[in-house]
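**Q** My structure is below; once you've seen it, I'll send some questions.
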Amino acid sequence: MNNTNSKQESSSPSFSLRRKDFSILVAQAELFTCEVLCQLLKEQGYNVVGKAIEMEDTLQQIRVKQPQCVILESEISGRRSVDIVQQARSDNQRTKFILYTSKPDLKLVANAMQQGFYGFLYANDGLDELYKCFQTISSGGFYYSPGFLLLLKNYGMNVMTDEVKQQLNRLTERELEILRLIAVGTPGHEIADRLYISYRTLANHKTNMAQKLDLGSCRNLARFGISVKDYL
């Protein structure tokens, strides 16, 4: 991560977060990158409570140290970061996660937007963007860096709105699975066959989904599914 703007941001009076009280765990795939980022944050006065380059170590440190924030690379020890968040959230709801990605993996980004990440950074972002991210998530907000937004724009994807996020959170895993299939045009009888359910059960799922999503009718599920396909 580029640190060219770190001095300017560190002296900014608008950045009021008490850095020593903000505990951070750095989880990166490369040991060198992990150590460099830890050192830079410590030099800026942050409370770096640990570093990890393996998934299991990351999960263990989250359980034991319960950091307020984890800077998590998109992939670590060959596993997608959303897997770490899914497991960690069951043990500790306090920790907030920042996704740090260098790859245009739209499926991963979409999953991260649903799985509890609060900050989204791109590999070329400077440390000033990381500091702004800390400030925003510490007050309960969500932060998308300009570099990350440009990454999404270049691949025809937009940030999930709070309204869409709330809508999708109303659905069960089975209902999301059905919506994914609807979004890519899978016929009803084929959906039922794939999921080993009857057509009547599928119809009941569709009715419940339409009600939860305030769509008015099951006929609107296809249009909604296409509009949110990137996030499924």
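**Q** Please turn the phi angles of segment 214-231 into ³J(HN,Hα) values with the Karplus equation 6.51 cos²θ - 1.76 cosθ + 1.60 (θ = phi - 60°), one per residue in order, whole Hz, x for glycine and proline.
**A** With the stated coefficients, segment 214-231 comes to 6, 8, x, 8, 4, 4, 8, 5, 5, 4, 5, x, 5, 5, 10, 4, 5, 9 Hz.
**Q** What whole number of Å gives the distance from the Cα centroid of segment 93-154 to the Cα centroid of segment 21-39?
**A** Value for the Cα centre distance between the two parts: 16 Å.
**Q** Hey, in the GNM for the chain with a 10 angstrom Cα cutoff, which one of ARG200, ARG80, ARG94 fluctuates hardest?
**A** Of the options given, ARG200 has the highest mean-square fluctuation.
**Q** Averaged over every viewing direction, what's the projected area of the C-alpha convex hull for the chain? Give it in nm², one decimal, please.
**A** Details: hull surface 54.2 nm².
Dividing the Cα hull surface by four gives the mean projection, 13.5 nm².
**Q** Please tell me the relative contact order of the chain in percent, rounded to the nearest whole number, where contacts are Cα pairs under 8 Å and at least six residues apart.
**A** Normalised by residue count, the contact order of the chain is 16 percent.
**Q** How high is the relative contact order of segment 117-174, given as a whole-number percent (alpha carbon pairs under 8 Å, six or more residues apart)?
**A** Relative contact order for segment 117-174 comes out at 31 percent.
**Q** Can you list the aspartates and glutamates whose alpha carbon sits under 13 Å from that of LYS229, skipping same-chain ones fewer than 8 residues off?
**A** Of all the aspartates and glutamates, those that pass the test against LYS229 - Cα under 13 Å, at least 8 places apart if same chain - are GLU177.
**Q** Given the rule -39500 (n - 2.57) for each run of at least 4 DSSP H residues, summed and divided by the residues of the chain, what is its mean residue ellipticity at 222 nm, to the nearest 500 deg cm²/dmol?
**A** -15000 deg cm²/dmol
**Q** If you roll a 1.4 angstrom probe over the protein chains with everything in place, what fraction of the accessible area of segment 73-232 belongs to carbon and sulfur, to the nearest %? Intermediate results must be reported in sequence, preceding the final value.
**A** Values: 3630 of 7840 Å².
That fraction is 46 percent.
**Q** Could you work out the local net charge near SER102, counting Lys and Arg as +1, Asp and Glu as -1, over the other residues with Cβ closer than 12 Å to its Cβ? It would help to have the intermediate numbers written out before the result.
**A** On the way: positive: LYS103; negative: GLU30, GLU73, GLU75, ASP105, ASP125.
For residues surrounding SER102, the net value is -4.
**Q** Let me ask something else. Arrange the residues THR207, THR95, THR136 by how much accessible surface each exposes, largest first, with a 1.4 angstrom probe.
**A** THR207, THR136, THR95
The values are calculated or read from the model by the stated rules, or taken from the named source; none is laboratory data. As the structure is a prediction and not an experimental result, all values here were calculated from the model. Cβ coordinates were reconstructed from backbone atoms using ideal geometry, including for glycine residues, and neighbour counts include every protein chain displayed. The accessibility values were calculated without ligands, DNA or RNA, using every heavy atom of the protein model including side chains. Shrake-Rupley method; radii C 1.70, N 1.55, O 1.52, S 1.80 Å.
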